[in-house]
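**Q** Please read through the structure below; I'll follow up with questions.
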Amino acid sequence: MIGEYMREFSDRLGRLGVQCVSEVSGATLTTFRSGGAVDLLVLPREESELAATLIAAHDCGVPHRVIGGGSNLLLPDAGYAGALIRLSRTGGIERKGRTLKVWAGVKSPVLASYAAGCGLSGAEFACGIPGTVGGMVRMNAGAFGQSVSDLLLAVTVLTSSGQVERLDPQDLDLGYHRASFPAGSVVLSAELRLVESDESAVRAGMRVMREKRSRTQPHAPSAGSVFRRVGETPAALYVERTGLKGTRIGGAELSPVHCNFIVNAGGATTEEYFALAERVRERVRALTGVTLEYEVERIC
Ligand SMILES: Cc1cc2nc3c(=O)[nH]c(=O)nc-3n(C[C@H](O)[C@H](O)[C@H](O)COP(=O)(O)OP(=O)(O)OC[C@H]3O[C@@H](n4cnc5c(N)ncnc54)[C@H](O)[C@@H]3O)c2cc1C
């Protein structure tokens with residue numbers, strides 16, 4: 001049941017014309033498809049609506065998080081008592097020569113395909129990442145030896161105090177699948193510098209990447225890689241040594257296809273996911289002394 005403070009919040013958003021939906025299943029918001037009901041899903045269409053949402057959440061004392069495609073996070077089985085703000089409707093791409101300004105809600109594969117259509121190369125790796133540009137920038141996502149940081153000219157954020165700021169890549173301490181943003185800031189857009197190429201060559205590169213993914217990664221619902229690589233060593237090499245490939249806890253299965261993926265083999269809960277992940281971690285620690293770090297994020 002939505003509490004009084006949430007009602008005040010959603011009434012206020014209603015008056016401002018910001019779309020929200022109450023009691024949304026977490027399973028529909030994450031690619032692993034687990035998690036209980038989220039009190040309120042807020043869907044701001046533009047910057048001003050996002051700013052109004054953040055101010056209202058602050059004023060009403062409502063716990064809140066921004067999410068994109070939910071492809072790198074898991075929600076609690078007991079539900080999320082607060083508001084999730086999803087920017088998926090704040091889409092749009094503007095081109096100026098070799099530079100694309102991409103809004104946070106644009107899906108990563110849409111960015112890759114748009115760039116290809118312009119005959120621009122560099123964003124091909126995004127074609128198989130099932131998130132949004134906001135999440136991709138926040139995570140400095142990457143694949144096939146490339147990452148967002150290779151392309152990034154600037155990021156525009158809305159700070160926790162409601163200011164729109166343009167940040168340089170140097171401000172973000174970018175590393176392997178890691179970026180540091182000012183606390184509470186939301187990525188609004190990113191400017192990416194690409195390289196002139198030929199559309200058919202770019203599309204051919206994307207096809208190769210998609211085929212490789214399709215061959216080497218599971219097709220069942222997942223949240224991508226469970227653990228971060230250790231130095232330059234893929235986490236899968238450590239997980240492989242545990243012999244736990246194919247192990248199941250409830251509906252969560254350590255994928256036989258790629259052992260750094262936990263898939264939802266049917267009705268898995270977030271607790272089952274982390275019970276399995278912890279079993280793997282403990283076994284890796286016992287065997288090698290290495291403590292694997294999570295790549296996926298657990299929202300509490
Ligand atoms: C099948 C599969 C394959 C994957 N392959 C890869 C891969 O090759 N490489 C890779 O790097 N990742 C991969 N991932 C993981 C994931 O897709 C990426 O990390 C992706 O960039 C996350 O984007 P998202 O929009 O889904 O973010 P979410 O999962 O929704 O959020 C991730 C984090 O970003 C924050 N966030 C989201 N949007 C914003 C915003 N606008 N402003 C501020 N913070 C925000 C959230 O609060 C959260 O902390 C894969 C996942 C799956 C399921």
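Read-outs: derived from the displayed coordinates by stated rules, not from any lab. Computed from a predicted model, the values in this text were never measured in an experiment. With ideal geometry, Cβ positions are generated from the backbone for all residues, glycine too; neighbour counts draw on all protein chains shown.
**Q** Quick one: check the C-alpha center-to-center distance for the range 64-108 versus the range 138-171, whole angstrom.
**A** What the calculation gives is 13 Å, centre to centre.
**Q** Need one number: convex hull volume per residue for the range 202-300, Cα atoms only, in Å³.
**A** Expressed per residue, the convex hull around the Cα atoms of the range 202-300 is 116 Å³.
**Q** Right, here's the next one. How high is the FRET efficiency from Glu240 to Ser214, r the C-beta distance, R0 22 Å, rounded to 0.05?
**A** The value I calculate is 0.60.
**Q** Report Rg/Rh for the range 93-201, rounded to two decimals, where Rg is the Cα radius of gyration and Rh the Kirkwood radius.
**A** 0.96
**Q** What whole-number distance in Å separates the alpha-carbon centres of the range 8-43 and the range 206-259?
**A** 30 Å
**Q** What order do you get for Ser147, Ser214, Ser185 when you list them from fewest to most C-beta neighbours inside 10 Å?
**A** Fewest-to-most Cβ neighbours within 10 Å comes out as Ser214, Ser185, Ser147.
**Q** Label-point separation (nm) for Ile55 and Arg7, each offset 7 Å from Cα along Cα-to-Cβ?
**A** Here the modelled spin labels are 2.5 nm apart.
**Q** Can you run phi through the Karplus equation (6.51, -1.76, 1.60; θ = phi - 60°) for the range 161-175 and list ³J(HN,Hα) in whole Hz, with x for Gly and Pro?
**A** 8, x, 8, 8, 10, 9, 10, 7, x, 4, 6, 9, 6, 6, x
**Q** With both partners inside the range 64-125, how many of the DSSP beta bridges are antiparallel, as a percent to the nearest 5?
**A** 50 percent
**Q** Once you have the Kirkwood Rh of the chain from its Cα pairs, apply Stokes-Einstein at 25 °C and 0.890 mPa s and quote D in µm²/s. Before the final figure, lay out each step's value.
**A** On the way: Rh = 20.1 Å.
Translational D for this selection: 122 µm²/s.
**Q** Still on this structure, please answer the following. Compute a Gaussian network model of the chain, connecting alpha carbons closer than 10 Å, and tell me which residue from Asp77, Asp150, Asp59 fluctuates the most.
**A** Of the options given, Asp59 has the highest mean-square fluctuation.
**Q** Follow-up question, since we're still on this one. Near the amide H of Ser189, under 5 Å away, which other amide H atoms are found, from residues 5 or more places off or on another chain, if H is placed in the peptide plane?
**A** Those qualifying (amide H under 5 Å, at least 5 residues apart or on another chain) are Ala104, Thr156.
**Q** Using θ = phi - 60° and the Karplus relation 6.51 cos²θ - 1.76 cosθ + 1.60, list the HN-Hα couplings for the range 235-252 in order, rounded to whole Hz, with x at every Gly or Pro.
**A** For the range 235-252, the Karplus-derived couplings read 4, 4, 5, 6, 5, 3, 5, 6, x, 8, 3, x, 5, 10, 10, x, x, 8 Hz, x marking Gly and Pro.
**Q** Non-local amide H neighbours of Ser25 (under 5 Å, H modeled in plane, Pro and chain starts lacking H): which ones?
**A** Val38
**Q** Specify the residue with the greatest mean-square fluctuation among Leu73, Leu87, Leu174, computed from a Gaussian network of the chain linking alpha-carbon atoms under 10 Å apart.
**A** Leu174
**Q** On to the next question. What's the lysine pair count for the chain at a Cα cut-off below 29 Å, pairs eight or more apart or interchain?
**A** Working: Lys96/Lys107; Lys101/Lys212; Lys107/Lys212; Lys212/Lys245.
Qualifying lysine pairs in the chain: 4.
**Q** So what's the back-of-envelope 222 nm ellipticity for the chain, counting only DSSP H runs of four-plus at -39500 (n - 2.57) apiece and dividing by all residues, rounded to 500? Before the final figure, lay out each step's value.
**A** Values: 7 runs with 87 residues, N = 300.
Value at 222 nm, helices only, nearest 500: -9000 deg cm²/dmol.
**Q** Another one. How do the peptides 241-252, 151-162, 134-145 rank, highest first, by the average count of neighbouring beta carbon atoms within 10 Å per residue?
**A** Details: 241-252: 16.2, 151-162: 17.8, 134-145: 21.3.
Those peptides, ordered most packed to least, come out 134-145, 151-162, 241-252.
**Q** Once you keep just the Cα pairs under 8 angstrom separated by 6 or more residues, what percentage relative contact order results for the chain?
**A** Reported as a whole number, the value is 16 percent.
**Q** Under a 5 Å amide H to amide H cut-off, with H placed in plane at 1.01 Å, what residues pair with Val66 once short-range neighbours are removed?
**A** So Val66 has HN proximity to Ile85.
**Q** Can you give the % of DSSP beta bridges in the chain that are antiparallel, to the nearest 5? It would help to have the intermediate numbers written out before the result.
**A** Working: 40 of 50 bridges.
Beta bridges within the chain, antiparallel portion: roughly 80 percent.
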